1. Calculate I(q)/I(0) for segment 442-504 by the Debye formula, one identical point scatterer on each C-alpha and no solvent, and give its log10 at q = 0.21, 0.22, 0.25 Å⁻¹ to two decimals.
2. Per-residue counts of other Cβ atoms within 10 Å, averaged by peptide: what ranking do you get for 168-176, 474-482, 433-441, 289-297, highest first?
3. Tell me the Kirkwood radius of segment 545-615: reciprocal of the mean inverse pair distance over distinct alpha-carbon atoms, in Å.
4. Under the Kirkwood approximation for Rh and a Cα-based Rg, what ratio Rg/Rh is obtained for segment 431-571?
5. Calculate, for TRP444 and LEU219, the FRET efficiency according to 1/(1 + (r/R0)^6) with r their C-beta to C-beta distance and R0 56 Å; round to the nearest 0.05.
6. Percent of accessible area on segment 491-579 owned by carbon and sulfur, 1.4 Å probe?
7. Accessible area per residue, 1.4 Å probe, Å², for segment 489-631: what's the number?
8. At a 1.4 Å probe radius, carbon and sulfur cover how many percent of the accessible area of segment 336-419?
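The values are calculated or read from the model by the stated rules, or taken from the named source; none is laboratory data. Everything numeric in this text was worked out from a predicted model, so none of it was measured. Glycine gets a Cβ as well: all are built from the backbone with ideal geometry, and neighbour counts include every protein chain shown. In case anyone asks, the SASA skips ligands and DNA or RNA and just uses the protein heavy atoms, side chains included. Shrake-Rupley method; radii C 1.70, N 1.55, O 1.52, S 1.80 Å.
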Amino acid sequence: MRAPAHAPAPAGTGPLTARLVIGHAWAMTRARRGRIAGAAAVFFVPATAVWFAAEALRPDPADPVAVRIVLAALVVLGSNLVWSLGVVAFAGFLDLAVGDDYFRRRPHDLATVVRTLPWGALVVVDLLLVAGLLVGLAAFVVPGIVVGVWFGLVGPVVVHERRRPLDALRRTARISRPHWPLVLGLVVVPWWVEAFVSEPVREAVHGGGLLLHAAVEWLLAVTILAAVGALEVALAAELMARNPDGGRPGAGEGYRSDVPGDAPDPTEMARPRVSTRDHAELGARLEEWFAHRGRGAVTVTDLATPEGTGMSSDTVLFRVVPAGADGGGVAYVARLAPDPDAHPLFPDYALDRQYRTMAEVAARSAVPVPPLVAHEADPGFLGTEFLVMGRVEGVVPADIPPYAFGVGWLAEATAADRARLQGNVVDVLADLHAIPDAPGAFPWLDPGGDALRAHVDGQRAFADWALDGRTGALIDAGFAWLEAHWPAGPFETVLSWGDARIGNILFADFTPVAVLDWEMAALGPPELDVSWTIFLHRFFDDLAVQFGLPGLPDFLRRGDVVAAYEARAGRRLRDLDWFTTYAAVRHAVIMTRVGLRSVHFGEAEMPASLDDLVTHRPALEAMLAGTYWDGVPA
């Protein structure tokens, strides 16, 4: 039977057992055995030369005691250093070269793997792990085993989550400690088995010359060490998936990125603080809520905040398991309006309105929305109203760091796959806007009268609330420009998703499987959503260019998106310059509020001008001057 090229279910699905992890490792090894065997040879066979050097340093009984001690220490240190460097870096390499394809359907060619692997961070964690192992083994063995159990999976953690060394070690310990029997049995014990088996083998060929030693080393590498590496990748993938972490990557101390000079690494962007809620308390209250709904006694586990995207509502991922059950359960997502003291992004979250909108979209169109479980209006359970939805498996193009910065699955996809995703996103917008009689279908969104006039007036009121009595000169100039260049109507009125960007879509194989974040939904012209989709990509691509990165200039180009939408929807879009500028003004209000929230939490200092909080200030100024589209792909 041919091994599956990809995991039969996403990592984090079902009970975590040794059988599951071994199955993943076996399938990966069979599907990519050539790549794994070649990598094992590259990582471990060259170590033969070091073994020979270590042999040459073995102390002679005739040497003075001090010399013998020093030489013996060098032999032990060199041998263990080479062995540990190989194992940890090899597992990190396999995570990107094999695990990304198997678990996340993101294949990479070897040139991309070698170019993008965080070699510096791997070397640092290697050295720290070696030091810990040597100290631990010297302290009566058991502490060394503890070090191996807590930190042995650090290679895949560094590579997959792109963490700095100390942060990666902390993260590895957090996910490994609760599952120490699995890490011990599947990783640490095989390490010592390899050492136990290999030492007699090496002794048996002692004196046989470098080539014989290299052949033996290769045989050991492609059997035992390759299996251990695959087990590390499989177990780390399962543990990371079951324990999503809201901490930002790149937070470890003592490690500098490879970016020249003192400029910050643009791929290591901090996630602004969103929530002030305690997850332990939240889990207990969710258990009470599920019991109240007739689910009986349950346990809420694996509470986490999604990484890389979303900065408005409190979004919590969790799993519900029947009380007393061992693993399994059902995965859910809860969305809560932020606490008032969390300096929320919007003045009103109206979760009931979001719930009703999603329900009607699901009933009236083919647009995929998450499975709706309930809207809870009673704040007595969690302190605020909230939504609960079924969790949909998929991936999103990340905001932090932005996908346009050349990191993540979308940036590493082929141009053909990105074009397929772009077409699928256009289909979502066209299907959404095709819902007939939007004012009648969504009466709670109907402002009455001119929908565009009401939309802009609402955004001006939002800006006044966000500025809270302060002066935002650039925002004021933007609204003045919109009034001075008001487009001639009338415009068709459709359901506007609102935050219509690819970062709010879950994808599986570049196909949308869930459209998320409906808090900005409204009625208005279809140009609102199309221009927002175009501008939000331009926003991230312009940031990439500011950091000296190439970005994704051929993706979501305005001309391509408009042409595809008009062909798919059968309607002509008008006044895109005006609507795109309106998108930039609206986003300026949001970015100003995000910046003020960072100041509120002590994450940033108040600038001399609020205009400096508008991350895309140069782009908006160029739009108001009429020169922006002269210098970007259109």
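1. Rounded to two decimals, the profile gives -1.07, -1.12, -1.19.
2. Highest mean packing first, the order is 168-176, 474-482, 433-441, 289-297.
3. On the way: mean 1/r = 0.0662 Å⁻¹.
For segment 545-615, inverting the mean 1/r across all distinct Cα pairs yields 15.1 Å.
4. That ratio equals 0.98.
5. Once the sixth-power term is evaluated, E becomes 0.20.
6. 50 percent
7. About 35 Å² of surface per residue is accessible.
8. Numbers: 1710 of 3240 Å².
Taking all protein chains in place, segment 336-419 shows 53 percent carbon and sulfur surface.
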